[in-house]
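For reference, the structure is listed below as structure tokens.
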Amino acid sequence: MSLIEQVNAGIMTAMKAKDQDRLRALRGIKSAFLLLKTAEGVSEVTDDMCIKALQKMAKQRKDSLDIYVQQGREDLAEIERSELAVVESFLPAQMSAEEIEAQVKAIIAETGAAGMKDLGKVMPAAMKAMGGVADGKLISEAVKRLLA
């Protein structure tokens, strides 16, 4: 079952259960997928495209959550937390920091990188290898730490 079908099924389930928080988040996800479909030059929406959109939505939710917590707006922070949980339920399992570090070490060995000057070689390879299953921020931190 594709991600689009999973979201549509989730919307039906949330409507039947009268789960307004989950329904709101699922409708937001469906909206993002529809925007992908109507983008210029896109003939078919793939699961990879959907995952990238979900990762973007998760990052937005995390950023908003941080801002709301800093400003003491717990009411808005709770909404973001619930939406983030729904978005993350559709994302593949994320790699741990140890797994990211091991993968980055392997990429550094493959590319023959020696220091920070080789950051431009390592980052694209690392993002390509782990882009869908690891946070870009964590990948970047690991690469910089290991090259320093």
Too-long pairs where the Cα-Cα distance tops 19 Å, listed order kept, from LYS52/LYS121; LYS37/LYS62; LYS105/LYS137; LYS16/LYS56: LYS52/LYS121; LYS37/LYS62; LYS16/LYS56
Tensor-based shape of region 22-148 (alpha-carbon gyration tensor, a/c under 1.5 rounded, otherwise prolate or oblate): oblate
Value of relative contact order over the chain, rounded to a whole percent, pairs C-alpha under 8 Å and six or more apart: 20
Using alpha-carbon coordinates, inclination of helix 136-147 to the longest axis of the chain, degrees: 10
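With runs of 4+ DSSP H residues as the only contributors, calculate the mean residue ellipticity of the chain at 222 nm using -39,500 (n - 2.57) per run, divided by the residue total and rounded to the nearest 500. Show your work: numbers first, answer last.
Values: 7 runs with 113 residues, N = 148.
-25500 deg cm²/dmol, from helical runs alone.
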Only Lys, Arg (+1) and Asp, Glu (-1) charged, at Cβ; the chain dipole about Cα centre in debye: 220
Pair LEU146, GLU44: separation of 7 Å Cα→Cβ label points (nm): 3.5
Acute angle (nearest 10 degrees) that the helix 97-111 long axis makes with the longest principal axis of the chain, alpha-carbon atoms: 50
Spin-label proximity, LYS105 to region 124-142 - amide N less than 16 Å from point 7 Å beyond Cα toward beta carbon: 142
Degrees, to the nearest 10: 119-130 long Cα axis against longest axis of the chain: 40
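Treat every Asp and Glu Cβ in region 1-55 as -1 and every Lys and Arg Cβ as +1, leave all other atoms uncharged, and give the resulting dipole magnitude about the Cα centre to the nearest 20 debye. Before the final figure, lay out the partial values.
On the way: 8 positive and 7 negative charges, 73 e Å.
About 360 debye.
Tell me, what % of the accessible area of region 48-122 is carbon and sulfur with a 1.4 angstrom probe?
54
The values are calculated or read from the model by the stated rules, or taken from the named source; none is laboratory data. All values reported here derive from a predicted model rather than from experimental measurement. Note: ideal-geometry Cβ built from the backbone for every residue, glycine included; neighbour counts use all protein chains shown. Protein only, heavy atoms only, side chains kept; ligands, DNA and RNA dropped before computing areas. Shrake-Rupley method; radii C 1.70, N 1.55, O 1.52, S 1.80 Å.
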